[in-house]
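Worksheet for the structure shown next.
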Amino acid sequence: MREIPKEIIEEVEKLREEIEYHNYRYYVLNDPVITDEEFDKLMKRLIELEKKYPELVTPDSPTQRVGGRVLEGFKTERHTVPMLSLDNTYSEEEILEFDKRIRKTLQEAEVEYVAELKIDGVSIALRYEEGRFKMALTRGDGLEGEDVSENVKTVRSVPLRLRKPLTVEVRGEIYMPVDEFRRINEERQEEGLPLFANPRNAAAGTLRQLDTSEVASRKLDSFIYYVVEPEKYGLKSQWEALEFLKELGFKVNPHSRLCRNIQEVVDYWNEWKERKKELDYWVDGVVVKVNGFDSQRVLGETSKAPRWAIAFKFPAEQARTRVIDVTIQVGRTGVLTPVAELEPVQLAGTVVKRASLHNFDYIKEKDIRIGDHVFVEKAGGIIPQIVKSIPELRTGVEREIEPPESCPVCGGKVGKLSPEEVAIRCLNPHCPAKLKRALKTFVSRDALDVEGLGEKFIEKLVDSGLVKDMADIFYLTPFELAQLGPGVGQRTIAKLLQEIEEAKSRPLYKLIAGLGIPMVGQKIAKTLAEHFGSLDALANASYETLQDIEGIGPEVARSIVEYFRNPKTREILEKLKKAGVKTEEKVTKYDVLRGLTFAVTGTLRRFTREEILEFLEKMGAKVVDNVSRNVDYLIVGENPGSKLEKAKALRVKTMSEDEFLHFLKDRVEKKGYDFEELMRSWKG
Ligand code: IVH
């Protein structure tokens, strides 16, 4: 092992301490003391040192929080102490019953309780050795859980180093904040993936992801509320345990309350039943815990749940209403989402008029019809959802909801992209509903690379009606752009128009990649550009020709033919050409003669001197003036010169123009190209 300078080891150690401290200030206390920039600087330095000295990387280094690994699976591990669940109650009477039982067993007139919010997340056990994070386990069946350490490390509020070097196991909840839940569901809706029904499912689904980068990108958070074997640390009560957890650096819910008797618990419950909407995470009740650990020990537990705690759930927020109609929304990726238009109803503080029906499978499964009486609930306390229909109340006028046969926005064909997908999409790449997304692709770096056209600008251009298809960006005038209002000044306009002008002469493959032909990404775009050399040649290519090209399968070929068959595509191509966008590249590089060296002598029939040289080069060959042993072939035309003699002397192979063309045809076809087409495109 190489010697690592002591200063480096110390610096790495110091950086980790510092970074963890600032992490704690930011994610646990919500009270940062340095700027994001300063934080990034520390992180960058640590990454740099760890790259240089990989031997120094430890599993609890802050650099390990960013994900980037793909796990093969999760191994199971036994819990040190079983992870119990809780009994539920829903009413004040039941909670008074619970208190009565406890007072009876403990033989006390009043019992102290800790009332905590019941976080709707996933329970987790965290193990630390000498203050360092060692492992995170899910509850599993209560006896054995899954080791999700790598994923939990991405949760910034979970300390990788405690503020005291203790060996300890703690438990709590990993949850997904409401905003994040909403964002991810919107994204999933657009991608046509099934939605997470609530934040708990979302958190659980995320923790079980094998791609740790994906986990890191979803901002999970934590609240810790339980110390395993608290007596080891001299703790006498739950209230002390919460304080202890805070001291160790865990994120502890700030709303827990020490209650002198059960009435104060009921008050707490009544208060939070209303106030829960103030929170940016979802809570579904209150957990009531006997405060004293001695008392907890006396009460004991059943095999499933402790007798000293109970979950006092909030009432489910449901309301009854009727489905007046079903409308269809078309998302940016073309996903058709059915939306129920409801008779307005008061639900958990807001008036609900609409509810997403997710997809047509969902409607079928729940048997929801237009005219039905239904129960609505707020999924995750946020998104109104139809829980069930009430078929008993049908009168016979209700109508079943059928998936539309065409897109309600453009009238285009609809269908599924793959059989596994639940979503139905509009398949027309030019559907106006998809225009913003299409423009984003069109001007992206991989395509026409118009830097000044960001997402916000695209929104403005489309919303103002200035841009109705992608070719329209080449027709924008300074006057029109100035109408877009404040923030779009003369300089911005001049710069943007300049960039758009430059975008007209990007390489052909970039233009093809930008068109948004389904299943055609940059790689296939390159193949197509090289093969066809012009957008027109591509647009007129037959299914058979396309399919014969190496790297292009039948599905992609079909998608390309469909795309160019669309009259709107033709219109856009015409507009692009008219605007002066470069849609051809004279001859593309076919590369069929790569590695071969040619020389030419005499006059050819089909090519001038310049042409044959250029042609050979375009085919990837090397062309030399003089014949030497390094020449593979000499092409011999009429009235050859001395080169032919030399070739004979050196035993260099010779071929006539026709022989050359046969040789070429053979190679071209072996590569899957169409020879006729190649010759045509060469001629331009
Ligand atoms: S105490 C043995 N406290 O609710 C003690 N649980 O329905 C058991 N939960 O599995 C847990 N917030 O995942 C406790 N403040 C809180 C909680 C809480 C949420 C979850 C926990 C538990 C489930 C039972």
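Can you tell me which residue is nearest to the chain's Cα centre (by Cα) among those in segment 71-125 that are among the charged types (D, E, K, R) and within 16 Å of the ligand (Cβ to nearest atom)? Out of the qualifying residues, it is ASP120. Looking only at residues of segment 232-270 that are open to solvent by 50 Å² or more (accessible area, probe 1.4 Å), within 16 Å of the ligand (Cβ to nearest atom) and in a helix (DSSP H, G or I), we find that the one that is nearest to VAL287 (Cα to Cα) is TRP239. Residues of segment 333-361 that are open to solvent by 30 Å² or more (accessible area, probe 1.4 Å) and either in a strand (DSSP E or B) or free of Cβ contacts under 8 Å to residues at least 60 places away in the same chain (or both): GLU341, GLU343, PRO344, GLN346, THR350, VAL351, LYS353, ARG354. Looking at segment 396-454 only, could you name the residues that are outside any helix (DSSP H, G or I) and among the basic types (Lys, Arg)? Scanning segment 396-454 gives ARG399, LYS413, LYS416, ARG425, ARG445.
All told, LEU279 falls short of being under 36 Å from the mean Cα position of the chain (by Cα) and crowded, with 18+ Cβ neighbours inside 10 Å. Just give me the residues in segment 282-335 being among the acidic types (Asp, Glu), under 35 Å from the mean Cα position of the chain (by Cα) and near the ligand (Cβ under 10 Å from one of its atoms), in sequence order. The answer is ASP284, and nothing else. When restricted to residues that are under 24 Å from VAL592 (Cβ atoms), assigned to a strand (DSSP E or B) and open to solvent by 60 Å² or more (accessible area, probe 1.4 Å), segment 602-652 contains 1. Each residue in segment 158-179 was checked for being without any contact (Cβ under 8 Å) to a residue 60 or more places away in the chain and open to solvent by 10 Å² or more (accessible area, probe 1.4 Å), and 3 of them qualify.
Looking only at residues of segment 201-231 that are more than 23 Å from TYR281 (Cβ to Cβ) and at pLDDT 95 or above, we find that the one that is nearest to the chain's Cα centre (by Cα) is VAL228.
Report whether or not GLU677 is assigned to a helix (DSSP H, G or I), within 30 Å of LEU528 (Cβ to Cβ), open to solvent by 90 Å² or more (accessible area, probe 1.4 Å) and of a type outside the set (A, V, I, L, M, F, W, C). So GLU677 fails the test.
Across segment 307-332, the qualifying residues are those that are of a type in the set (D, E, K, R) and farther than 20 Å from THR350 by Cβ, and the one among them that is least open to solvent (accessible area, probe 1.4 Å) is LYS313.
The single condition among (1) surrounded by fewer than 20 Cβ atoms within 10 Å (Cβ to Cβ); (2) more than 16 Å from the ligand (Cβ to nearest atom) that ARG139 does not meet is (2). Among the residues of segment 180-190, is any open to solvent by less than 50 Å² (accessible area, probe 1.4 Å), more than 16 Å from the ligand (Cβ to nearest atom) and not in a helix (DSSP H, G or I)? Looking through segment 180-190, none of the residues is open to solvent by less than 50 Å² (accessible area, probe 1.4 Å), more than 16 Å from the ligand (Cβ to nearest atom) and not in a helix (DSSP H, G or I).
Residues checked against (1) open to solvent by 30 Å² or more (accessible area, probe 1.4 Å); (2) in contact with a helix residue (DSSP H, G or I) (Cβ under 9 Å, 6 or more places away or on another chain); (3) over 20 Å from GLU169 (Cα atoms); (4) among the basic types (Lys, Arg):
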residue	(1), (2), (3), (4)
ILE34	yes, yes, yes, no
GLU37	yes, no, yes, no
MET43	no, yes, yes, no
GLU48	yes, no, yes, no
SER61	no, yes, no, no
GLN64	yes, yes, yes, no
GLU72	yes, no, yes, no
HIS79	no, no, no, no
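Only one of the listed residues (VAL57, VAL12) is crowded, with 17+ Cβ neighbours inside 10 Å and either more than 21 Å from SER217 (Cα to Cα) or polar (S, T, N, Q) (or both). That residue is VAL12.
Of the residues making up segment 34-77, those that are in contact (Cβ under 8 Å) with a residue 40 or more places away in the chain, aliphatic (A, V, I, L, M) and either touching a Gly at 6+ places or on another chain (Cβ under 9 Å) or part of a helix (DSSP H, G or I) (or both) are LEU49, LEU56, VAL66. Under 32 Å from the mean Cα position of the chain (by Cα) and at pLDDT 90 or above, is that true of LYS378? Taking the combined requirement at face value, the residue does not satisfy it.
The values are calculated or read from the model by the stated rules, or taken from the named source; none is laboratory data. Nothing here was measured: the structure is a model prediction, and the numbers come from that model. Counting neighbours? That spans all protein chains shown, and the Cβs are built from the backbone with ideal geometry, glycine included. These area figures cover heavy atoms from the full protein model, side chains too; ligands, DNA and RNA do not enter into them. Shrake-Rupley method; radii C 1.70, N 1.55, O 1.52, S 1.80 Å.
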